[in-house]
1. State in Å² the accessible area per residue of segment 3-213; use a 1.4 Å probe, count heavy atoms of protein chains only, and round to the nearest integer.
2. Between Glu119 and Thr72, what FRET efficiency comes out of the Förster formula 1/(1 + (r/R0)^6) with R0 = 25 Å and r the beta carbon distance, rounded to 0.05?
3. From the convex hull of the Cα coordinates of the chain, what is the mean projected area in square nanometres?
4. Please list, ordered by chain and number, the residues whose modelled amide H lies under 5 Å from the amide H of Ser87; skip anything fewer than 5 residues away on the same chain.
5. State to the nearest 20 debye the size of the charge dipole of the chain about its Cα centre, where the only charges are +1 on K and R beta carbons and -1 on D and E beta carbons.
6. Can you tell me the FRET efficiency between Lys196 and Leu134 if r is taken as the Cβ-Cβ distance and R0 is 25 Å, rounded to the nearest 0.05?
7. Taking just the C-alpha trace of segment 18-91, give me its Rg and Dmax in Å.
8. Amide H of Asn146 versus every other amide H placed in the peptide plane: which residues, excluding those fewer than 5 positions away on the same chain, fall under 5 Å?
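The values are calculated or read from the model by the stated rules, or taken from the named source; none is laboratory data. Just so you know, these numbers come straight off a predicted model, no measurement behind them. Ideal geometry is used to build each Cβ from the backbone, glycine not excepted, and the neighbour counts take in all protein chains shown. With ligands, DNA and RNA removed, areas are computed over all heavy atoms of the protein, side chains included. Shrake-Rupley method; radii C 1.70, N 1.55, O 1.52, S 1.80 Å.
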Amino acid sequence: MSVAAKISEFKSCIPKHISLIAVSKTQSIEKIMEAYASEHKIFGENKVQELVSKYEQLPKDIEWHLIGHLQTNKVKYIAPFVTLIHSVDSFKLLQEINKQAVKNNKIINCLLQIYIADEETKFGFSIQEAEHVLSSKEFKEMNNINISGLMGMATNTTNENKIRTEFKSLKKFHDKLNNNGYKLNVLSMGMSSDYKIAIEEGSNMIRVGSLLFGERNYSHN
Ligand SMILES: *Cc1c(COP(=O)(O)O)cnc(C)c1O
């Protein structure tokens with residue numbers, strides 16, 4: 001099956017309110033153009049250099065999401081065109097994104113990445129840290145950032161109960177913030193291996209790569 005057909009079929013199988021981010025990291029321009037042929041125009045990348053290069057080569061009506069760890073010194077390269085940054089994991093990064101947003105005379109949409117897994121390698125704020133940031137005076141003065149929601153990654157395990165518990169904890173925090181007056185529409189959780197559980201637990205944005213494009217070719221990176 002072509003990538004375009006896979007995307008169309010996948011979309012027809014998920015509820016309408018779920019946004020699909022097609023994760024195109026390590027995939028070639030040709031593969032992404034095949035996906036684009038399905039009328040799908042939202043793609044996610046995890047590396048700044050690769051994201052910028054693909055942005056430059058591909059049609060300008062694509063919405064680009066950054067889903068991987070972002071270093072402060074690289075924010076300037078994506079600020080002019082990025083649609084949503086899923087992976088905001090420090091206060092320092094928020095400050096830099098705000099600064100670059102001001103320079104570009106725009107508002108940059110961001111998700112706070114919340115650490116819900118018990119793996120040392122995953123980035124993110126703890127729930128307490130995120131609450132602290134959102135209620136801080138400094139954050140409230142960052143007029144060029146819009147926090148539109150939260151993102152989280154579950155532990156890479158075959159234990160479905162564990163994954164479910166982690167997604168539940170993020171959904172609970174998302175609900176709590178919304179009940180406290182924040183307007184966080186987006187809950188980005190779920191990838192190829194766990195998107196079904198994520199949707200059951202209240203995700204409304206999933207980031208799916210290998211299921212659509214096939215296995216990644218890491219040597220390409
Ligand atoms: C690579 C990646 C995905 C997609 O992973 P698949 O298993 O290929 O669906 C989702 N989210 C993040 C943050 C990623 O880096």
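1. So segment 3-213 comes to 48 Å² accessible per residue, rounded to a whole number.
2. 0.60
3. On the way: hull surface 48.2 nm².
Quarter of the Cα hull surface area: 12.1 nm².
4. Close amide H contacts, sequence-distant or interchain: Leu111.
5. 440
6. 0.25
7. 11.9, 39
8. Ile108, Asn109, Cys110
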